[in-house]
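*Asks:* This structure is in C-alpha cells; I'll ask about it shortly.
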Amino acid sequence: MLRAAAGAELVVIGAPGRPDAGETAVELSARSPRPVVAVRGGTAPRRVVVGADGSSGCTAALDFAAEEAALRGWDLRVVHGCWEPSAVAESELALFHDRELLEKTRAAELDEAVEPLRRRHPGLRIEASPLLESPFDALRDAAADAGLVVLGDRGTGFEPLGATATAMLRRAARTVAIVPGPRSREARTPGPDRRVPARQG
C-alpha cells in the first residue's frame, strides 16, 4: 500500500469497528508521505475538527481541514489543546502559572494561524478555540461533535507519528485524517533511486 501511495494524493482506508484497534492506520500514517484517512462508519455531525499546536507542521493539517470543510459544506472548528508544559520552550513555562495569560497568548497565536484560512475561504464558518487541556483530551472531546477529525503527524515531537495522532487513530470513534508536514513528506517520499523500505520485524 505504501508503494501505491507514493503516486497518490490521498490514502483512504477503512478503520475497524472497534475504536481501539487502528494499527494499520497507525503504521501507514507513520510512513506515508501523503495524508491518510481512516474512515469509520455511522452518522456524524457536519463539522470538521482540526488540531493545532503552534508548530510549523500543523499548517498542512489546517489547510487540509479547511479544504475538506469547504468541499463538504461543513463548519470548521480549530482546537488547540494548550495544556502541555512539557512540550514548550523554557521561556514559556511561566505561562502555566497564569491560566488567563496562557489562554490569551494561545488565542492570539491561533487567530494568526487561522487568518489565512479565513482569507482563502471567506464563506467557511470557522471557530477557533484554545482549550486548557492536553491535546488528546481536547481533540477527543471535540471529536464527539465532528464528522472528520484532522491533525498533523508529529506535533512538537520527533517521532514518525506523534502521541496525539497515534491515540486518535487507535481510540477515536470518528473518521480521522493524519496529514504529514513538509519535513515528513520530504523524508518519506521515494526519490528515483529510493525504494519504500519493507516493514522490519
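Read-outs: derived from the displayed coordinates by stated rules, not from any lab. Since this is a predicted model, take the numbers as computed values, not measurements. Methodologically, a virtual Cβ is constructed for each residue, glycine included, from the backbone with ideal geometry; neighbour enumeration extends over all protein chains shown.
*Asks:* Using 0.36 nm per residue, how much length does the chain from E100 to D141 gain when fully extended, once their Cα-Cα distance is taken away?
*Replies:* 12.6 nm
*Asks:* Oh, and also: So I have (i) 1.17; (ii) 1.01; (iii) 1.37, and one of them is Cα Rg over 2.2 N^0.38 Å calculated from this model. Which one is it?
*Replies:* Computed from the coordinates, Cα Rg over 2.2 N^0.38 Å corresponds to (ii).
*Asks:* In addition: Please order E115, E9 by the number of other Cβ within 10 Å, starting at the fewest.
*Replies:* E9, E115
*Asks:* Any idea how far apart E23 and R183 come out in nm if each label point goes 7 Å out from Cα toward Cβ?
*Replies:* 2.8
*Asks:* Continuing with this model, one more query. For the chain, with a Gaussian network of springs between Cα atoms less than 10 Å apart, report the residue from G123, G51, G81 with the top mean-square fluctuation.
*Replies:* Ranking G123, G51, G81 by mean-square fluctuation puts G123 first.
*Asks:* Continuing with this model, one more query. In percent, what relative contact order does the chain have, based on Cα pairs under 8 Å that are 6 or more apart in sequence?
*Replies:* With pairs under 8 Å counted, the relative contact order is 32 percent.
*Asks:* What order do you get for R185, R154 when you list them from fewest to most C-beta neighbours inside 10 Å?
*Replies:* R185, R154
*Asks:* To make sure I understand, if each residue's beta carbon is the centre and we count other beta carbons within 10 Å, what order do R40, R99, R188 fall in, fewest to most?
*Replies:* R99, R40, R188
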